[in-house]
Amino acid sequence: MRFLHLSDFHFKSAAKDKANQDLLIDRLLEDLNSAAPIDFFIFTGDLVFSGKQPADFDSAKSSFIERIAIKLNLTRRQIIICPGNHDVDRSVINEPIKSFIRAINDSDTLVSLVEKNHPEVFGISCKPTGNYNFFEKRFYKEGIDLGISQVSNLCSIHIRELNNTKIGFVSINTAWCSTGDDDKGNLFFPISELRKAVAKLNTEKVAWKILLLHHPLTDFREFNKIELEDFIYSEFHAMFSGHLHKREDFVRLTQSEGIFGTYAYASFTKKKDGKIGYGIITIDQETYDISISKKVYDFEENCFLSLKEMCYTLPLNEVKNDQIKIFKTLRRRLKETTEKANDLFVNTKDTSTVKGF
């Protein structure tokens, strides 16, 4: 599986901003000439600079997402997105509801708030990401109609197939309680929504579970961070994130297996606010080997520069590790046998030519 990972585009509709964004996209598209083939385009939030104008999401889709998709010959089904804090319409944040949610200090109360789905509480809390949610439902309309995508206020689920293998993507809305200015330690996400999503993936018998979220888990309230971390690390194979505008990759070992995580550079930001770049992540579906190739944009040279490639192997339980070792041995022997057969064929052909055949 080959993933193109981008994040934090921060689209602005002003002519000057759009011109600068378009120039950078041109450089990106030029650099992506060597990236193909890509199986999935992952975008982890902050598609727009402000979620106030619904039209900005469509403009960002046209000028950014669709141009990349056309360049890499990707269909809508191969694009997986999630929201970020900039995708929030901060003008409709309800301060009393915000204070009410931030007073929550246990998981049961948080889950109850969402499960009750009261329009005067949970409904109002979802309004700031309403424009994004409306955009997302239209973006995945075909997938929703086909039953391979589900989109809700807090979570979206996408079932895809690659090489006869089912892959399950879960995108969570970590911007649900985001205000942008004081998010660190004040974000919440109900564990019940993740459990439902994983139950759906298990029903679909997916081989790979991949999570998209914008914020780092350290931005969540401590009780929530702990339960999310424990569940995510035990249930998902890979986690793609944004927000930090810097490179950060990790592998975590759990009791049974492990998880790989990666954060993306920004796709567009001011030089003082972080680096611009992108990543190509390759995961071998059979050996669980992972390679990460990342590039950063050089403002002086106006081009993308390659960083050192990083390689990992996803931690696995002992039984699966033994199976992978056997598979790698068989693959190596097959390669050696094929090379010997090719050499024999070439040598036989050369000898035959000498003899006049």
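The listed residues are 253, 194, and the only one of them that is at pLDDT 95 or above and not basic (Lys, Arg) turns out to be 194. Residue count for region 143-184 under the criterion of being over 30 Å from residue 286 (Cβ atoms) and of a type outside the set (Phe, Trp, Tyr): the result is 17.
From 197, 175, 207, grab the single residue that is touching a Cys at 6+ places or on another chain (Cβ under 7 Å) and in contact (Cβ under 8 Å) with a residue 24 or more places away in the chain. The conditions single out 197.
The values are calculated or read from the model by the stated rules, or taken from the named source; none is laboratory data. What you see is a predicted model; the values in this text were computed from it and never measured. Methodologically, a virtual Cβ is constructed for each residue, glycine included, from the backbone with ideal geometry; neighbour enumeration extends over all protein chains shown.
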